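This report refers to the structure that appears directly beneath it.
Taken together, the values in this text are just the output of simple stated rules run on the coordinates, not laboratory data. All of these numbers come straight from a predicted model, not from anything done at the bench. In this analysis, Cβ positions are derived from the backbone assuming ideal geometry, glycine residues included, and neighbour counts consider all displayed protein chains.
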Amino acid sequence: MINIMCSAPTVVSLKDLKPFQGDLKKRTDKDVKALANSITSEGLLMPFAVWTTDNGDNMLLDGHGRLAALTELAATDTEILDQKFPCIKVVAKSEEDARKALLQITSSYGKITKEGAIKFCAKIPEYHAPSINKYVHKSVARMKKEKPTTESIIKIAVPTEKVEEVKALLAQVAYIKVM
């Protein structure tokens with residue numbers, strides 16, 4: 001059984017989901033295994049997004065990777081096939097509208113930046129997610145290996161009530177030593 005860490009108004013079993021995106025996204029076996037490992041350790045964190053056609057088919061708009069990972073996990077834990085998973089329903093009047101919805105859901109209207117990823121993940125350095133690994137873990141490993149050519153001591157003025165907060169923030173940066 002999978003630990004469900006999200007909720008949605010409706011639920012659906014894996015056998016009732018029909019993939020809709022075709023070859024829109026490329027996903028390797030390694031990607032699916034990594035997601036399966038994440039779901040096993042963290043639980044299912046996001047519901048599926050489904051468009052139900054006029055004839056009752058549940059077309060999967062968002063969650064193809066989760067479906068692939070859960071299907072792989074079901075090979076060794078068949079109870080997963082009968083388990084109900086959270087699902088949000090996307091309203092679409094036609095297949096054309098459903099395609100537009102899928103593109104809005106899966107399209108990236110922004111990019112993860114190296115600096116943003118490092119800052120966002122500072123409090124979870126042990127967590128590995130493919131979309132950020134190229135930024136965060138290489139940068140943290142490089143910072144740990146780098147030896148400073150010189151050491152500088154910097155004094156900063158901080159209001160008394162903010163000292164602990166600033167110390168905690170600075171302590172998260174691999175190359176800063178808080179004294």
Practice item. Net charge near residue 1: determine it from the other residues with C-beta under 9 Å of the C-beta of residue 1, scoring Lys and Arg +1 and Asp and Glu -1. Key: -2
Revision key, fill the gap. Between the modelled labels at residue 28 and residue 115 (7 Å from Cα along Cα→Cβ) the distance in nm is 3.0
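Pull up the DSSP beta bridges for segment 10-106 and report the antiparallel fraction as a percent, rounded to 5.
55
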Review point. In Å, what is the Rg of the alpha-carbon atoms in segment 1-110, and how long is Dmax?
Key: 13.7, 38
